[in-house]
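A.B. asks: There's a structure below that I have some questions on.
The values are calculated or read from the model by the stated rules, or taken from the named source; none is laboratory data. Computed from a predicted structure; not experimentally measured. Cβ coordinates were reconstructed from backbone atoms using ideal geometry, including for glycine residues, and neighbour counts include every protein chain displayed.
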Amino acid sequence: MKKRWFIMLLLSATTLLTASDTGAQLSEEKCTSCHMTSSSSAKLKDGKMHAPPMWGVMKKVKNRFKTKEEGIAFITDYTMNPSAEKMIFPEATKEYFGLMPSMRETVTDEEMKIIAEYLYR
Ligand code: HEC
């Protein structure tokens, strides 16, 4: 009986881990080639940075929108249909990095949900 509880605990722990793992993994695969997860001025100077770092993006999003729902809706919409009018970042960001290309070809709606939830954690 005890053994069974232990196995159930193990199983639920694995399920939880998998959920956040997937978010981390997906954003790593789909976003961090451009949006670094940490900041590095050396990289910026080298011209190796392709976009604002992800923490910077999330700070902007959280400042702009009051609720998680609105924030997630924005990230989802922007990632699939980026446009200069929707940008939270200033004009200079676009001039420096260029506008973000749409991720519609590489990210499914289902994946986008997981990524947005993960980024907003
Ligand atoms: C090919 C490079 C590239 C990839 C890959 C990429 N982005 Fe971006 N992203 C950019 C650039 C460049 C900007 C800044 C210019 C802009 O806002 O369009 C940006 C800006 C953003 C913004 C802020 C928009 C604003 O100005 O308000 C969000 C949100 C965002 N990206 C989300 C994502 C997510 C989520 C992913 C992964 C699913 C992702 N991006 C993948 C290049 C990329």
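A.B. asks: Tally up the residues in the range 72-121 that are in contact with a Leu (Cβ under 9 Å, 6 or more places away or on another chain) and touching a residue at least 40 places away in the same chain (Cβ under 8 Å), please.
C.D. replies: Residues meeting the conditions: 7.
A.B. asks: Oh, and also: Would you confirm whether any residue within the range 82-97 is at pLDDT 95 or above, more than 10 Å from the ligand (Cβ to nearest atom) and either within 14 Å of the chain's Cα centre (by Cα) or of a type in the set (Phe, Trp, Tyr) (or both)?
C.D. replies: No, that holds for no residue.
A.B. asks: Pull up the range 46-57, narrow it to residues that are surrounded by fewer than 17 Cβ atoms within 10 Å (Cβ to Cβ) and either acidic (Asp, Glu) or more than 8 Å from the ligand (Cβ to nearest atom) (or both), then point me to the one that is nearest to Tyr120 (Cα to Cα).
C.D. replies: If we filter the range 46-57 for residues that are surrounded by fewer than 17 Cβ atoms within 10 Å (Cβ to Cβ), which is where we start, we get 46-48, 50, 55-56.
Checking the rest, the ones that are also either acidic (Asp, Glu) or more than 8 Å from the ligand (Cβ to nearest atom) (or both) come to 46-48, 55-56.
Values: Asp46: 29, Gly47: 28, Lys48: 26, Trp55: 10, Gly56: 12 Å.
Per the stated criteria, the residue is Trp55.
A.B. asks: Same structure, new question: Scan (1) surrounded by 15 or more Cβ atoms within 10 Å (Cβ to Cβ); (2) modelled with pLDDT under 95; (3) within 11 Å of the ligand (Cβ to nearest atom) for the single condition Ala24 breaks and write down its number.
C.D. replies: (3)
A.B. asks: Now for a separate question. Can you find even one residue in the range 29-37 that is more than 9 Å from the ligand (Cβ to nearest atom) and either modelled with pLDDT of 95 or more or not acidic (Asp, Glu) (or both)? Explain how you work it out, then say what you get.
C.D. replies: Here is the first cut: in the range 29-37, the ones more than 9 Å from the ligand (Cβ to nearest atom) are 36-37.
Narrowing the set further to residues that are either modelled with pLDDT of 95 or more or not acidic (Asp, Glu) (or both) leaves 36-37.
For the range 29-37, residues more than 9 Å from the ligand (Cβ to nearest atom) and either modelled with pLDDT of 95 or more or not acidic (Asp, Glu) (or both): present.
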